[in-house]
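Engineer: One structure, pasted below without further comment.
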Amino acid sequence: MATLLYEIGTEEMPAQYMPGILKNYRELAETKLKEARIPFGEVKVYGTPRRMAFVVSDVAARQEDVTAESKGPSLKIAFDASGAPTRAAQGFARGQGVDVSDLVQRDGYVYAVKHAEGKATEGLLPGILDDILHSLSFPKTMRWADYDFGFVRPFHWMVALLDDKVIPVEANDVKSGNQTRGHRFLSNRLITIPTAAAYVDTLEKNFIIVDVAKRREMIRQQITALGEEAGGHTAISPDLLEEVTYLVEYPTALCGQIDEKYLKLPKEAVITPMRDHQRYFPVLDDRGRLLPRFITVRNGSSEHLDIVTHGNERVLRARLDDAVFFFENDRKKSLAQHREALHTVAFQRGLGNMFEKTERLRKLTAGLLHATAAAADAKALDRAAMLSKADLVTGMVTEFTELQGIMGREYALLDNEGETVAKAIGEQYLPAFAGDALPQSTEGRILAVADKLDNIVATFSRGEAPTGSQDPYALRRQALGILNIVAEGNLHFPLRAILKETLEGLPVKVENEAKLLDEVADFFAQRARNMLLDKGIRYDVVDAVLAAPGLDDLADIFARADALAAYLDGTQAAGSIQAFTRVENISRNNVVETPVDEGLFKDAAEKALYDVLLQAEKTTAPLAEARDFAAVLAANDVLTAPVNAFFDAVMVMDKDEKVKNNRLALLNRVKTQVNQVADLSRLVMK
């Protein structure tokens, strides 16, 4: 068994590309080796800004042998009466590349059996590695000099080793060898890799921490320790930690000073330029207040760290001076006065400006508040909707777009708009990404839902709904945001009515309004389906809930799915579902909407089922009103025995048309009763 190494050395690659590149690199290595029938052990990928590499352990010396068998014509067709091969047999053998005398006779047919002996791995690897190189995909590629082959960044060296033997690979005049490059500043020279297995240790001795997990943990430990030394704790966001990990090859953290005068700014106005523009980590005290310290990570050693620290302090000072200027200039007007400038900010093509959007949000939030009957301050909600977009025209948000909503909140507080108004403005864009915090105030939830609904319906009205992987307006993320908000906040509203109200508020005419509303409702249903499947809810439970008659409440989808999933784990479920399936099977194509007539009952089983049905309807009505779906499902179990007794005792399709229709009407009413939570016919029971 041998160890295989393939490293591609490049100019600095974008940090945000690296996780995807390494994932693709690993998958290609595994796929291409498997396709070549070369047994191997573990595939490990490594990467820094200047290199990507994989190391494969336990690579077999040869391919696995393979035996291929192809079925040919039947014996009757393959041979004549004298046993001589016919043209059919000869043609089949020729097509398979075997002699006709080598055809195998079995089960009334002839077979061509070909055995291929595995080739030496070393001879196959040049083609495999070249295939991997040319199969890598990137968000964007570059071409340089006059080469046709593009790559994420120009590459300058390749290391390809099977143990200590160089595997020849060549592209764009770069030939593989056993030499790599060290750190740009700490070991800027050619480094010989003696064997593939020695790759990681050799690079580490030359100031390259090529193991991504190890480099990430080094950074975490260093910045955590510096935060504690500064008297607080380092605020580590996973995305920033990941980005910094791919910006350096040999990390050394350092702690710099922030002038106290900048701390008079709102905390986020300092943190955003620091984190999003300079890739610095803020330091907070135990109460979450910003300390006059920042932490960053240098790509190098601790030598001359004081000079590097001073340079970073100077750069940050310039950034924060800009923030102070924009903040002070913004404060010359109130947030309400800034709102007038929204007339000059377009919303979407043909859909007016942001001032008009805020007016729509005022109406839509009022409608949502009425529909949800939520406990909220209607006056504060209206004020928040009116001021929701005013910060978009401030200098701070124009310069630091990540602060939209946040600066609106801070300016509202400074204008004495009140905590409720300010909080709702700050929460309107939440959640901004997967896993982000959700709005916690009722006013914030309603404003966030209204804003996202307006965006979604507006974009659909222009015929620009997401297709395939294309979603330029992030509508899927916004729909998921709404679903998460209503589920956590227990916000209930009639979806179709609110969508219609949203559409009517837009300055656009739609030819087929009903079709558009169906498309948006289906869009939400698909997002809800994906969310439930990600939670581990059975696919048939999800299908049953989404097919529930009259379902028009997004928050109910999740409550119903949880209740049905829990119900199916109980002892009564299997028997009840089996009985209710019998009802579904006979009533599916026999819908009768006439009332049930007790005078047409001919068997005691009919009367017994009807009496239990009336009691079940009476019992579940308040439970359904209270959205106690678990209790509704449990209460309907009383119908199981009467349903079974009914089918045992009567023939539904009676010769008397009135009796038959009355029995079908009874079953249709039972079906309606048992399907209050979900369409139980969609369930797949073992």
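The values are calculated or read from the model by the stated rules, or taken from the named source; none is laboratory data. This is a predicted model, so every value here is computed, not measured. Because the Cβ atoms are built from the backbone with ideal geometry, glycine has one as well, and the counts that use them run over all protein chains shown. What goes into the accessible areas is simple: the full protein's heavy atoms, side chains included, and nothing from ligands, DNA or RNA. Shrake-Rupley method; radii C 1.70, N 1.55, O 1.52, S 1.80 Å.
Engineer: At a 10 angstrom cut-off on C-beta neighbours, averaged per residue, how do the peptides 364-372, 674-682, 261-269 rank from highest to lowest?
Structural biologist: 674-682, 364-372, 261-269
Engineer: State the Cα centre-to-centre distance between region 395-460 and region 170-245 in whole Å.
Structural biologist: 39
Engineer: Related question: If ligands, DNA and RNA are left out, what is the accessible area of Asp330 with a 1.4 Å probe, given in Å² to the nearest 10?
Structural biologist: 10
Engineer: Can I ask one more? Say R0 is 60 Å: what FRET efficiency, to the nearest 0.05, do Glu42 and Lys261 get from their beta-carbon distance?
Structural biologist: In this case the efficiency is close to 0.65.
Engineer: Which whole-Hz ³J(HN,Hα) couplings does region 143-158 yield from phi under the Karplus relation 6.51 cos²θ - 1.76 cosθ + 1.60, θ = phi - 60°, glycine and proline marked x?
Structural biologist: So the J values, rounded to whole Hz, are 10, 9, 6, 10, 7, 7, 7, x, 8, 4, 8, x, 9, 10, 7, 9.
Engineer: Name the shape class, rounded, prolate or oblate, that the alpha-carbon gyration tensor gives for region 512-598, where a ≥ b ≥ c are the square roots of its eigenvalues, rounded holds for a/c under 1.5, and otherwise prolate holds if a/b is larger than b/c and oblate otherwise.
Structural biologist: Oblate.
Engineer: Ranked highest first by average number of other Cβ atoms within 10 Å, how do 273-282, 205-214, 381-390 line up?
Structural biologist: Packing proxy ranking, top to bottom: 381-390, 273-282, 205-214.
Engineer: Per residue, what accessible area does the chain have, given a 1.4 Å probe and all protein chains present, in Å²?
Structural biologist: Per residue, the chain has 47 Å² of solvent-accessible surface.
Engineer: Rounded to the nearest 500 deg cm²/dmol, what is the calculated helix-only ellipticity per residue at 222 nm for the chain, with -39500 (n - 2.57) per DSSP H run of length n ≥ 4?
Structural biologist: Taken over the chain, the calculation gives -15000 deg cm²/dmol.
Engineer: Here is a further query. Using a 7 Å offset from Cα along Cα-Cβ at Tyr539, what residues in region 555-593 end up with backbone N under 19 Å from the label point?
Structural biologist: 561-562, 565
Engineer: Separate question: Taking the Cα centre of region 516-626 as the origin and placing charges on Cβ (Lys, Arg +1; Asp, Glu -1), which of Asn590, Leu568, Leu551 is farthest toward the positive end of the dipole?
Structural biologist: Leu568
Engineer: Express in nm, to one decimal, how much length is gained between Phe138 and Ser302 on full extension, taking 0.36 nm for each residue of separation and deducting their alpha carbon distance.
Structural biologist: Gain in length upon complete extension: 55.6 nm.
Engineer: Give, rounded to the nearest 20 debye, the magnitude of the charge dipole that the chain has about its Cα centre when Lys and Arg contribute +1 at Cβ and Asp and Glu contribute -1 at Cβ.
Structural biologist: Magnitude of the dipole: close to 640 debye.
Engineer: Ok, one more. With a 1.4 Å probe and every protein chain kept in, tell me what percent of the accessible surface of region 126-181 is carbon plus sulfur.
Structural biologist: 43
Engineer: For region 177-191, take each phi angle, set θ = phi - 60°, evaluate the Karplus expression 6.51 cos²θ - 1.76 cosθ + 1.60, and give the result in whole Hz per residue in order, putting x for glycine and proline.
Structural biologist: Calculated HN-Hα couplings, in order: x, 10, 10, 10, 10, x, 4, 3, 10, 8, 7, 7, 7, 6, 10 Hz.
Engineer: Name the residue farthest towards the positive end of the dipole of the chain from the options Val508, Leu414, Ala225, assuming +1 on Cβ of Lys and Arg, -1 on Cβ of Asp and Glu, about the Cα centre.
Structural biologist: The residue sitting farthest along the positive end of the dipole is Val508.
Engineer: A further question follows. Taking Rh as the Kirkwood radius computed over C-alpha pairs, what is the Stokes-Einstein D of region 146-219 at 20 °C in a medium of viscosity 1.002 mPa s, expressed in µm² per second?
Structural biologist: 157
Engineer: Run the numbers for Thr195 and Glu504: contour at 0.36 nm per residue of separation, minus the present Cα-Cα distance, in nm.
Structural biologist: 104.3 nm
Engineer: So if I place +1 on the C-beta of Lys and Arg and -1 on the C-beta of Asp and Glu, and nothing else carries charge, what would the dipole magnitude of region 5-134 be about its Cα centre? I want it in debye, nearest 20.
Structural biologist: Approximately 320 debye in magnitude.
Engineer: Accessible area of region 398-475 with a 1.4 Å probe: how many percent of it is carbon plus sulfur?
Structural biologist: The value for region 398-475 is 49 percent carbon and sulfur by accessible area.
Engineer: Then there is this: Out of residues 5 or more away from Val152 or on other chains, whose amide H comes under 5 Å of its own, with H placed 1.01 Å from N in the peptide plane?
Structural biologist: Met142
Engineer: Another question about this same structure. Can you run phi through the Karplus equation (6.51, -1.76, 1.60; θ = phi - 60°) for region 294-299 and list ³J(HN,Hα) in whole Hz, with x for Gly and Pro?
Structural biologist: These are the phi-based 3J(HN,Hα) values: 9, 10, 9, 10, 8, 8 Hz.
Engineer: What is the packing order of peptides 332-345, 433-446, taking the mean over residues of other C-beta atoms within 10 Å and listing the highest first?
Structural biologist: Ranked from most to least packed, the peptides come out as 433-446, 332-345.
Engineer: Among the listed pairs Lys264/Lys452; Lys333/Lys357; Lys32/Lys140; Lys264/Lys357; Lys140/Lys165, which have their C-alpha atoms separated by more than 30 angstrom in this model?
Structural biologist: Where the Cα-Cα span goes over 30 Å, the pairs concerned are Lys264/Lys452; Lys264/Lys357; Lys140/Lys165.
Engineer: Still on this structure, please answer the following. Which number comes out as Rg/Rh for region 52-125 once both Rg and the Kirkwood Rh are worked out on C-alpha atoms?
Structural biologist: With Rh from the inverse mean 1/r over Cα pairs, Rg/Rh is 1.27.
Engineer: Please enumerate, by chain and number, the lysines with C-alpha under 27 Å from the C-alpha of Lys607, excluding those fewer than 8 residues away in the same chain.
Structural biologist: Excluding near neighbours in sequence, the set is Lys618, Lys655, Lys658, Lys660, Lys671.
Engineer: If the cut-off is 21 Å between C-alpha atoms, which lysines fall inside it for Lys261, apart from same-chain ones fewer than 8 positions away?
Structural biologist: Lys332
Engineer: Along the charge dipole of the chain, pointing to its positive end and built from +1/-1 on Cβ of Lys, Arg, Asp and Glu, which listed residue (Thr358, Leu320, Gly127) has its Cα farthest out?
Structural biologist: Gly127
Engineer: Let me have the relative contact order for the chain, percent, based on Cα pairs under 8 Å that are six or more residues apart.
Structural biologist: Computed value for the chain: 8 percent relative contact order.
Engineer: Return an integer: the convex hull volume of the alpha-carbon atoms of region 321-460, in Å³ per residue.
Structural biologist: 113
Engineer: Note down the nm distance, to one decimal, between modelled labels 7 Å out along Cα→Cβ at Lys686 and at Ala474.
Structural biologist: About 4.3 nm separates the two model spin labels.
Engineer: How large is the Rg to Rh ratio of region 1-142 when both quantities use alpha carbon positions and Rh follows Kirkwood?
Structural biologist: Ratio of gyration radius to Kirkwood radius: 1.24.
Engineer: Defining a contact as two alpha carbons under 8 Å apart and six or more residues distant in sequence, what relative contact order in percent does region 547-681 show?
Structural biologist: Once divided by the residue count of region 547-681, the mean separation gives 45 percent.
Engineer: Next question, about the same structure. Note down the relative contact order for region 85-135 as a percent, whole number, built from C-alpha pairs under 8 angstrom at least six residues apart.
Structural biologist: 20
Engineer: Can you give the charge dipole size of region 459-526 about its Cα centre, rounded to the nearest 20 debye, using +1 on the beta carbon of Lys and Arg and -1 on the beta carbon of Asp and Glu?
Structural biologist: Dipole about the Cα centre, nearest 20: 80 debye.
Engineer: When we measure straight from the Cα of Lys515, which lysines land under 16 angstrom away, once same-chain ones fewer than 8 places off are left out?
Structural biologist: Hits, sequence-local ones excluded: Lys500.
Engineer: Also, I was wondering about something else. First compute the accessible area of region 485-614 with a 1.4 Å probe, then give the percent of it belonging to carbon and sulfur atoms.
Structural biologist: Carbon and sulfur together cover 49 percent of it.
Engineer: With a ≥ b ≥ c the root eigenvalues of the C-alpha gyration tensor of the chain, is it rounded (a/c under 1.5), prolate (a/b larger than b/c) or oblate?
Structural biologist: oblate
Engineer: Oh, and also: Would you mind calculating the gained length between Ala373 and Leu438 on full extension (0.36 nm times residue separation, minus the Cα-Cα distance), in nm to one decimal?
Structural biologist: 21.4 nm
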